[in-house]
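Heads up, the thing below is written out as structure tokens.
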């Protein structure tokens, strides 16, 4: 029998890579399952989502995801029967979360499906309780990392260039400065490196998606990930209203205002919502800048994983050697980067365009499953009492610094002082 070290291909990270890459092979080849509809604005429209066709589409998607996840789950020790039953419950919670988030009001305020998946999972685990058979399907890391590999195929080199040199310049300056300040502030408030890294990455890059990548890169605590995701989305709501009002009050141009929104609001949905309160130009500029920050997720995950692997262990354990760095390195990053490069340079652009919607939908499905799982394995008391509120104050302090620093950068870069104002 092969030793555990020789069976590297069934490590959770590699299993996620295999699942993600399998998706990225079959979808371009033509296997593109229909995705359920979730958008609705009235009770009549909501009732329409429960028609036979949409429910059938949902069940087919559930079956496809189950079949794709089953081999990896079995390799990780799950029992097939219990995993199947548990997967139905997890999928139902994730489906309901996406349905709630599909409401037009929720979309307008940028409240995303991840928070509803987390809340529904928390309610289920804390009110009903999670039997052992259900926990067989709670495979948070496996689902998250699979979604991240698929996500790589939607972040393309060509899009980075279209985002503009100025947008990328602001993104790099925001990410570097805000990340280091946030990390410093977290450590001053006596948060450990793990919590500090996840929170700093969320503040400086793009909120929930960045926090997910950071958690995977450092093998972080999923309860802390759920906390960071919740704080990101809660703080974003008042900012959607306050920032457009400040932009108008200060007399900022639409381009500068949009760049400020894109650099500070932590979800793309919230950027679009806030930008729409100003103008079409502000909304487009904000989206471009936010995308420029989004493309840095892979870079951040890679650097975080190397840094985390090189940290000293407990006691007198020396810093990791090159071999230990490789063993600890999250292999999903390899899948993420490979997917981005292949879809950027080797896949026909027409195929890339045709598959983007399907791949984005499948990525969302895996993320929704993952956050439902986080809720299922978390207790309310863990979130309410975590670190005596210090992470919340650290986030507010870091976000305040982010707002001020990004405003300065947006004014310098897009205000016409040093560079030509982009025509949006």
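For the stretch 69-112, a residue qualifies if it is touching a residue at least 60 places away in the same chain (Cβ under 8 Å) and more than 25 Å from residue 50 (Cα to Cα), and the qualifying residues are 69, 72, 73, 75, 76, 78.
Residues in the stretch 78-100 that are more than 16 Å from residue 373 (Cβ to Cβ) and either loosely packed, with under 15 Cβ neighbours inside 10 Å or touching a helix residue (DSSP H, G or I) at 6+ places or on another chain (Cβ under 7 Å) (or both): 79, 80, 81, 100. Contact map, the stretch 131-142: residues that are surrounded by fewer than 17 Cβ atoms within 10 Å (Cβ to Cβ) paired with residues that are assigned to a helix (DSSP H, G or I), Cβ distance under 6 Å, separation 6+ or inter-chain. Pairs shown: 133/82; 133/85; 133/86.
So that you can scan it fast, the table gives a plain yes or no per residue for (1) touching a residue at least 24 places away in the same chain (Cβ under 8 Å); (2) surrounded by fewer than 20 Cβ atoms within 10 Å (Cβ to Cβ); (3) more than 14 Å from residue 169 (Cα to Cα):
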position	(1), (2), (3)
247	yes, no, yes
250	no, yes, yes
257	yes, no, yes
281	yes, yes, yes
284	yes, yes, yes
293	yes, no, no
297	yes, no, yes
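Checked against (1) within 16 Å of residue 378 (Cβ to Cβ); (2) modelled with pLDDT under 90; (3) not in a loop (DSSP other than H, G, I, E, B), residue 44 meets all criteria but (1).
Does residue 339 meet the test of being under 18 Å from residue 92 (Cβ atoms) and touching a helix residue (DSSP H, G or I) at 6+ places or on another chain (Cβ under 7 Å)? Judged against the criteria, residue 339 is not a match.
Which residues, taken from the stretch 33-54, are free of Cβ contacts under 8 Å to residues at least 12 places away in the same chain and closer than 22 Å to residue 359 by Cα? 53 - this is the single residue of the stretch 33-54 that is free of Cβ contacts under 8 Å to residues at least 12 places away in the same chain and closer than 22 Å to residue 359 by Cα.
Among the residues of the stretch 9-17, are any free of Cβ contacts under 8 Å to residues at least 12 places away in the same chain and either in a loop (DSSP other than H, G, I, E, B) or in contact with a strand residue (DSSP E or B) (Cβ under 9 Å, 6 or more places away or on another chain) (or both)?
The answer is no; no qualifying residue exists.
Candidates are the residues of the stretch 174-194 that are under 17 Å from residue 215 (Cβ atoms) and free of Cβ contacts under 8 Å to residues at least 24 places away in the same chain; the one that is surrounded by the most Cβ atoms within 10 Å (Cβ to Cβ) is 183.
Please find, within the stretch 333-363, the residue that is modelled with the highest pLDDT out of those that are farther than 23 Å from residue 35 by Cβ and in a helix (DSSP H, G or I).
So the first thing to find is which residues in the stretch 333-363 are farther than 23 Å from residue 35 by Cβ, and the list is 333-334, 337-338, 341, 344-346.
Filter once more, so that each one left must be in a helix (DSSP H, G or I): 333-334, 337-338, 341, 344-345.
Values: 333: 73, 334: 82, 337: 80, 338: 88, 341: 88, 344: 88, 345: 91.
Looking at residues that are farther than 23 Å from residue 35 by Cβ and in a helix (DSSP H, G or I), I get 345.
The values are calculated or read from the model by the stated rules, or taken from the named source; none is laboratory data. All values derive from a computational prediction rather than experimental measurement. Neighbour counts run over all protein chains shown; Cβ positions are idealised from the backbone, glycine included.
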